[in-house]
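The values are calculated or read from the model by the stated rules, or taken from the named source; none is laboratory data. As the structure is a computational prediction, the values presented were derived from the model and not from experiment. When we count neighbours, we look across all protein chains shown, and the Cβ atoms used for this are built from the backbone with ideal geometry, even at glycine.
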Amino acid sequence: MTHVSSAVPAVGAPPSKRSWGPALSIVVRRLLGMAGTMLLASFVVFGGLHLAPGSPISFLTQGRSVTPEAIAQLESQYHLDEPFLVQYFGWLGGVLTGDFGTSIIFNDSVAALLGQRVVNTVTLLGVTAVLVLTLGLAVGLLAGLRPGRLARTLLAGATGLMAVPGFVASVVLMLIFVVRLGWFPSYGTGDGGWDRLHHFLLPAVALALASIAYVARLTQSAIRAELRSEHVQTAISRGLPYRFVIRRHVIRNAAVPVLTVAGLTVAGLIAGSVVIEQIFQLGGLGQFLVDSVQKKDFPVVQAICLIYVGAFILLNTVIDLAYTLLDPRISLGKKG
Amino acid sequence: MSAIATTSRATRRRPLRIWPTGLGAGGQVSLGVLVLVALMATVGPFLVAADPNAVDLSYAYEPPGRWFPLGTDASGRDLLARLVYGSRTALLGPLFVVLIATLLGTVLGLTAVWFGGWVDSLAVRFIDAVFAFPGILLAILAAALFGAGLTAAVLALSVAYLPYVARVVRSAALQERNLPYVAALRVQGLPGFAISARHILPNVAGLVVANATLCFGWALIDLAALSFIGFGVQPPTADWGAIVGGGLSGVLQGAPNEALFASALIVATVAAVNTLGDRLLTRSEATR
């Protein structure tokens, strides 16, 4: 994989000089790749309409009685009287300017409907990200730096937790903290401030649990690997203070790859949040997506799928770029 | 001529064993759990007398007892029968996902490696693009387009899992392709298909099986989650994920058995699959 420049660490090594030319070219190349992937994803989300059984207009209306104006509206929104590619680019142009069309059920602009709900999804994912990063890293550090019975117990627990899907965690947490103890409300979003956090904490824990376990195991094994490495052993045998070695060499070297995978894990929770939102009725995009699939409100389904996939691609690209640019051991100019 | 072929690792045959070894205690226990679950799905329905779909509202939420070994659900249906019958859909779904994704992913990975060049970069582009779709999201989109059901969910997840398999096979096969035995086989005039299928594939097979095992666990979770929110197995058909979903209201009403028993089966199966997959992965890396 990567190459550590010298086995004997120079204490307080000067920051390596690097030119920003190759870094810039990497950024540009990744962003272009991201744009390509997003284009392809949007094509799949759009093209699905034509894969569905029946004609697009009958699929969109699903046998509901629709006024001729509404049909004309749908036809102009999807440019149905034009060739396929023109339809696609017309739709894409709308999406890029924030026009996701009109909901068939609510007869309101999709963008406005999503705007009310996106805050709830962002809150859920934000609280979850904080939980995964703090608890996962803390447990992993503890287990990595203090091997022993506690570490083994924590790791065994983490391995078990990784097999628990979010919806099972929700059921168990609800049973304990809502039904038996009555500490948390069973659903809803709360009235702002602490009440809001109070409503979102349990769903966030349910969503985060398996990822906390995964990040903890990952952190632990990264710390153990660094502790075993030659430059750390050398630093310890030279009599450098243990805390200094841990801070300067172990944690510093383990940080970037661990944070990268932890970030990607959090990005991967976007899809899982759909299920959790549905269970706790959090009124976010995920719950709206499930509702809209059930009510066959395809413009909304399309918009939410596109937003989720877009956010997932964006997060992945940003994390990947940060990893490439931050880790001085990765030689720029070469791929990955 | 054939002397060269016999030195390739592919042609060395190991004695056939029924029960795998080298998995450690955890792996053996996991394998035992999986055999039990598989028995539950295959012969279980013949041993359970009760009808999993027989509704009798006067027996709603019965506790476990003589007539209902595990009690009943909100509609008075026998829980044991539902769990046993539900294991069929809960296990067959992920099995098909893994078979389809592994088959197509392996073919894609081997093809990309053998031809290299633009075929390879096209394959990598495709893999990256499909990676952008989380499995659950693709399955929800499929449910919106083709109607909710197990078939749509299984096909969507197969597509979503394909890039994982293809990427693993590609990187492993890439290493094999540069080994001397492949060059030797080419000199003998063996066609690319035969080298890929009969020599490279057997050498990466351990890795493929280990990854298929891990994929089975993820697919089981994803399909159960989809059935849970109503986009997978449709009622009244029994399925572990759907049973947890149906039991959610019972949890709030103080009758959590339905949700808990099905949850326990899901967690036990996934934990066993994950442990076994980890061990298989370690073993395949050790023998490489």
Give just the number: which of (1) in contact with an Asp or Glu (Cβ under 9 Å, 6 or more places away or on another chain); (2) farther than 26 Å from residue B:126 by Cβ; (3) at the interface with chain B (Cβ under 10 Å from one of its Cβ atoms) does residue A:57 not satisfy? (3)
Scanning for something within 14 Å of chain B (Cβ to nearest Cβ) and at pLDDT below 90, does segment A:257-265 turn up at least one residue? yes
For the list (1) more than 14 Å from every other protein chain (Cβ to nearest Cβ); (2) modelled with pLDDT of 85 or more; (3) within 30 Å of residue B:249 (Cβ to Cβ), I need the number of the one condition that residue A:153 fails. (3)
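Within the group B:121, B:75, B:58, which residue is surrounded by fewer than 19 Cβ atoms within 10 Å (Cβ to Cβ) and at pLDDT 85 or above? Don't jump to the end; show me each part of the working.
Numbers: B:75 fails: at pLDDT 85 or above; B:58 fails: at pLDDT 85 or above.
None of the others qualify; the one that does is B:121.
Report, by residue number, each residue of segment B:28-50 that is part of a loop (DSSP other than H, G, I, E, B) and of a type in the set (Gly, Ala, Ser).
Here is the first cut: in segment B:28-50, the ones part of a loop (DSSP other than H, G, I, E, B) are B:43, B:48-50.
Answer for segment B:28-50, where residues must be part of a loop (DSSP other than H, G, I, E, B) and of a type in the set (Gly, Ala, Ser): B:49, B:50.
Look through segment B:57-72, keep the residues that are of a type outside the set (Phe, Trp, Tyr), part of a loop (DSSP other than H, G, I, E, B) and under 35 Å from the mean Cα position of the chain (by Cα), and return whichever of them is farthest from residue B:47 (Cα to Cα).
This residue is B:60.
Out of curiosity, is residue B:204 more than 10 Å from chain A (Cβ to nearest Cβ), among the hydrophobic types (A, V, I, L, M, F, W, C) and not in a helix (DSSP H, G or I)? Steps first, please.
On the way: more than 10 Å from chain A (Cβ to nearest Cβ): yes; among the hydrophobic types (A, V, I, L, M, F, W, C): yes; not in a helix (DSSP H, G or I): no.
When the stated conditions are applied, residue B:204 does not pass them.
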If residue A:231 passes every condition in (1) modelled with pLDDT of 90 or more; (2) surrounded by fewer than 24 Cβ atoms within 10 Å (Cβ to Cβ) but one, which one does it miss? (1)
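Mind listing just one residue for me: the one in segment B:233-288 that is in a loop (DSSP other than H, G, I, E, B) and under 22 Å from residue B:35 (Cα atoms) and, of those, nearest to the other protein chains (Cβ to nearest Cβ)?
First, pick out the residues of segment B:233-288 that are in a loop (DSSP other than H, G, I, E, B): B:233-239, B:253-256, B:288.
Those left that are additionally under 22 Å from residue B:35 (Cα atoms): B:238-239.
Details: B:238: 17, B:239: 13 Å.
Taking the candidates together, the pick is B:239.
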The residue from A:179, A:215 that alone is over 23 Å from the mean Cα position of the chain (by Cα) and part of a helix (DSSP H, G or I) is A:179
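Against the definition (facing chain A (nearest Cβ under 9 Å) and at pLDDT 90 or above), how does residue B:225 come out, yes or no? Show your work before the answer.
Numbers: facing chain A (nearest Cβ under 9 Å): yes; at pLDDT 90 or above: yes.
The answer is yes for residue B:225.
What residue, of A:27, A:45, is at pLDDT 80 or above and over 30 Å from residue A:325 (Cβ atoms)? Can you show your working first?
Working: A:27 fails: over 30 Å from residue A:325 (Cβ atoms).
Selected residue: A:45, the only one of A:27, A:45 that is at pLDDT 80 or above and over 30 Å from residue A:325 (Cβ atoms).
Which one of these is of a type in the set (Gly, Ala, Ser) and modelled with pLDDT of 90 or more: A:206, A:225?
Answer to the check: A:206.
Out of curiosity, is residue A:329 in a helix (DSSP H, G or I), modelled with pLDDT under 85 and surrounded by fewer than 22 Cβ atoms within 10 Å (Cβ to Cβ)? Can you show your working first?
On the way: in a helix (DSSP H, G or I): no; modelled with pLDDT under 85: yes; surrounded by fewer than 22 Cβ atoms within 10 Å (Cβ to Cβ): yes.
For residue A:329, the condition - in a helix (DSSP H, G or I), modelled with pLDDT under 85 and surrounded by fewer than 22 Cβ atoms within 10 Å (Cβ to Cβ) - is not met.
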State the number of residues belonging to segment A:278-309 that are under 17 Å from residue A:199 (Cα atoms), in contact with a Ser or Thr (Cβ under 9 Å, 6 or more places away or on another chain) and either facing chain B (nearest Cβ under 8 Å) or outside any helix (DSSP H, G or I) (or both). 5
Within segment A:189-206, can one find any residue that is surrounded by 14 or more Cβ atoms within 10 Å (Cβ to Cβ) and free of Cβ contacts under 8 Å to residues at least 12 places away in the same chain? yes
What number goes with the only condition from (1) surrounded by fewer than 22 Cβ atoms within 10 Å (Cβ to Cβ); (2) more than 8 Å from every other protein chain (Cβ to nearest Cβ) that residue B:230 does not pass? (2)
Single match in B:98, B:165 (criterion: surrounded by 23 or more Cβ atoms within 10 Å (Cβ to Cβ), within 17 Å of residue B:208 (Cβ to Cβ) and touching a Phe, Trp or Tyr at 6+ places or on another chain (Cβ under 9 Å)): B:98
Working carefully through the options B:143, B:139, find the one that is within 9 Å of chain A (Cβ to nearest Cβ), closer than 30 Å to residue B:231 by Cα and surrounded by 20 or more Cβ atoms within 10 Å (Cβ to Cβ). B:143
So is residue B:187 of a type outside the set (Phe, Trp, Tyr) and within 28 Å of residue B:224 (Cβ to Cβ) or not? no
Suppose we filter A:313, A:319, A:246 for residues that are surrounded by 22 or more Cβ atoms within 10 Å (Cβ to Cβ) and either part of a helix (DSSP H, G or I) or more than 9 Å from every other protein chain (Cβ to nearest Cβ) (or both); which single one remains? A:313
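Residue-wise test of (1) of a type outside the set (S, T, N, Q); (2) in contact with a Phe, Trp or Tyr (Cβ under 6 Å, 6 or more places away or on another chain); (3) under 23 Å from residue B:270 (Cα atoms); (4) touching a residue at least 24 places away in the same chain (Cβ under 8 Å).
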| site | (1), (2), (3), (4) |
| --- | --- |
| A:120 | no, no, no, yes |
| A:146 | yes, no, no, no |
| A:156 | yes, no, yes, no |
| A:176 | yes, no, yes, no |
